[in-house]
Amino acid sequence: MQLSVWTYEGPPHVGAMRVATAMEGVHYLLHAPQGDTYADLLFTMIERRDKRPPVTYTTFQARDLGKDTSQLFQTAAMDIIERFKPDAMIVGASCTAELIQDDPAGLIEKMGLPIPVIPLELPSYQRKEHWGAAETFYQIVRHLVDKNRRPSDRENRRPLVNLLGPTALGFRHRDDIIEITGLLNSLGIDINVVAPLGANVADIARLGEADFNIVLYPETGDLAADYLAREFRQPTVRTVPIGVGATQDFIREVAGLANVDPEPMLREGLSRLSWWSRSIDSNYLTGKRVFIFGDGTHAVAAARIASEELGFKVVGLGCYNREYARDVRAAAKLYGLEPLITDDHLEVEKAIQEAQPELVLGTQMERHIAKRFSIPCTVISSPVHVQDFPARFSPQMGFEGANVIFDSWVHPLVMGLEEHLLTMFRDDFEFHDGAGASHLGPGHSAPQEQAAPSVSAEGSEAIWSDEASRELKKIPFFVRGKARRNTEVFAAENGVVTIELTTLYEAKAHYAR
């Protein structure tokens, strides 16, 4: 475990929280000290849920460590039964409580509670959030599924599928489920269970009634799908339908298992991404340099869309969850890249700076990094913040998800072109830096902007002449940072103290060779 200002994943008990909060009638008893009680913050503030998460803490304090803290745990369990009346309970320890070795599983087993109780062994110092969510979901399925359930006779009914993997605090999971449910319905396929998001104990019990499973989020659904395949011999669809090409592949794979004809849906061409990315207005997308980082599933999907569907050049690709590093390495090989597998945001920041992309596709962390470098950025993966849980319908999966992706990736670049036009007219009487917004009329001056000092490659502050600074501002803002850095490196390497207009031109010629 490493202390950090930012972290891509929390400890595994946060993953367990995401599963418990996603489900109905399941409560999570977490043996944890004061200070580890942050579930309300995660789910009501960031995800904007309209009810508190079903998580109860023992909240032991320092003075409790000199006596038996197990009594606190057992008392909390009885309070949950009486107050919340859950259909099932999961129990575990936070990373701090793990150190005192109270064994929540053993304690709860002796109590003989009147509901199913699922003990969790989540090693906080070896594993992280995604694994914790996957392990929790797997344990819930293993304990609660009815092994006697099997699919009914296929005659006179439509195919039935389970959708596995969506959780609370997931990136666009709610909207993805709506989109994929509609897509499957159009194919003539019905949903048996969506889990864990929205599922209850009875839903988990009837997972075995489906003809096959669809894993939409491998990071959280793979372990449960593997168990169901072993126990019920259910086939599994693992193609993640993010992007037009992947959605078409998904439809064909699903249709094959369901024995339905996919061609009518494929002929409809339900996404506008394919046409828009080929249109004359989108020609400026071709060859744009894009850096991609996120969880393994979303990063690989984004690289395929960027390269095959939008004509971008992928100049960086990586993920933070090492369990899916193999998929990212395979994808990076296709683009001739060295994959970046790390959970250190400082390494990601350095890689972005070196790659000098024109667009960053990443997490909330990459949004902050890109902002520092004045590079456009779109969030494609958790971890995310409140703005990535929009009130509107905004999926990432399916054909409508492809439309949303096109808009959210391309609009930052479109705004870049608009900024470039404004920059071209910077010396015009109406648009110069000292003028206010044109719609306000005369007499309104713009606020004065304080330029941040530049630092050369050797660490000293770079000095720009007024003439060179004016010329630099004429460069489109989305590549201006790259031009600035290249010029300052060129100046430092050639012993130039003050960057003049000629230095800027010489640096441009040098890097163009």
For region 141-158, give me each residue that is part of a loop (DSSP other than H, G, I, E, B), open to solvent by less than 70 Å² (accessible area, probe 1.4 Å) and within 17 Å of residue 225 (Cβ to Cβ). 145, 151
Could you list, in sequence order, the residues of region 291-310 that are open to solvent by 30 Å² or more (accessible area, probe 1.4 Å) and either in contact with a strand residue (DSSP E or B) (Cβ under 6 Å, 6 or more places away or on another chain) or of a type in the set (Gly, Ala, Ser) (or both)? 307
Are any residues in region 17-36 out of contact with any Asp or Glu (no Cβ under 6 Å at 6 or more places or on another chain), at pLDDT 95 or above and assigned to a loop (DSSP other than H, G, I, E, B), and if so, which ones? 23, 24
Out of (1) in a helix (DSSP H, G or I); (2) more than 27 Å from residue 254 (Cα to Cα); (3) open to solvent by 30 Å² or more (accessible area, probe 1.4 Å), the one residue 138 does not meet is (2)
How about region 79-94: which of its residues are modelled with pLDDT of 95 or more, assigned to a strand (DSSP E or B) and touching a His at 6+ places or on another chain (Cβ under 6 Å)? 89
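Within the bounds of region 102-115, is there any residue that is open to solvent by less than 60 Å² (accessible area, probe 1.4 Å), at pLDDT 90 or above and not acidic (Asp, Glu)? Talk me through it step by step, then tell me what you get.
Going residue by residue through region 102-115, those that are open to solvent by less than 60 Å² (accessible area, probe 1.4 Å) are 102, 104-108, 111, 113, 115.
Now narrow it down to the ones that are at pLDDT 90 or above: 115.
Pick out the ones that are also not acidic (Asp, Glu) and you get 115.
Checking region 102-115: at least one residue is open to solvent by less than 60 Å² (accessible area, probe 1.4 Å), at pLDDT 90 or above and not acidic (Asp, Glu).
Table: residues versus (1) under 30 Å from residue 388 (Cα atoms); (2) β-branched (Val, Ile, Thr); (3) in contact with a helix residue (DSSP H, G or I) (Cβ under 9 Å, 6 or more places away or on another chain).
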site: 193; (1), (2), (3): yes, yes, yes
site: 200; (1), (2), (3): yes, no, no
site: 210; (1), (2), (3): no, no, yes
site: 216; (1), (2), (3): yes, no, yes
site: 241; (1), (2), (3): yes, no, yes
site: 259; (1), (2), (3): no, no, no
site: 274; (1), (2), (3): yes, no, yes
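Let's see how each residue does on (1) crowded, with 21+ Cβ neighbours inside 10 Å; (2) polar (S, T, N, Q); (3) within 18 Å of residue 90 (Cβ to Cβ); (4) modelled with pLDDT under 95:
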{"site": "194", "(1), (2), (3), (4)": "yes, no, no, no"}
{"site": "204", "(1), (2), (3), (4)": "yes, no, yes, no"}
{"site": "213", "(1), (2), (3), (4)": "yes, yes, no, no"}
{"site": "220", "(1), (2), (3), (4)": "yes, yes, yes, no"}
{"site": "238", "(1), (2), (3), (4)": "no, no, no, no"}
Enumeration of residues in region 191-213 that are touching a Pro at 6+ places or on another chain (Cβ under 7 Å) and free of Cβ contacts under 8 Å to residues at least 60 places away in the same chain: 194, 210, 212
Every pair of residues 6+ apart whose Cβ atoms lie under 6 Å, when the first sits in region 367-389 and is closer than 16 Å to residue 319 by Cα while the second is open to solvent by less than 50 Å² (accessible area, probe 1.4 Å) and charged (D, E, K, R): 369/349; 379/388; 381/295
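Here is a list: 459, 495, 401. Which entry is modelled with pLDDT of 85 or more and exposed (fewer than 11 other Cβ atoms within 10 Å of the Cβ)? Outline the logic, then answer.
Working: 459 fails: modelled with pLDDT of 85 or more; 401 fails: exposed (fewer than 11 other Cβ atoms within 10 Å of the Cβ).
After ruling out the rest, the residue left standing is 495.
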Criterion violated by residue 191 - all others in (1) within 30 Å of residue 328 (Cα to Cα); (2) touching a Ser or Thr at 6+ places or on another chain (Cβ under 9 Å); (3) outside any helix (DSSP H, G or I) satisfied: (1)
Answer yes or no: is there a residue in region 272-290 that is modelled with pLDDT of 95 or more and buried (at least 18 other Cβ atoms within 10 Å of the Cβ). yes
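The values are calculated or read from the model by the stated rules, or taken from the named source; none is laboratory data. This is a predicted model, so every value here is computed, not measured. Because the Cβ atoms are built from the backbone with ideal geometry, glycine has one as well, and the counts that use them run over all protein chains shown. Ligands, DNA and RNA are excluded from the accessible area calculation, which covers all protein heavy atoms including side chains. Shrake-Rupley method; radii C 1.70, N 1.55, O 1.52, S 1.80 Å.
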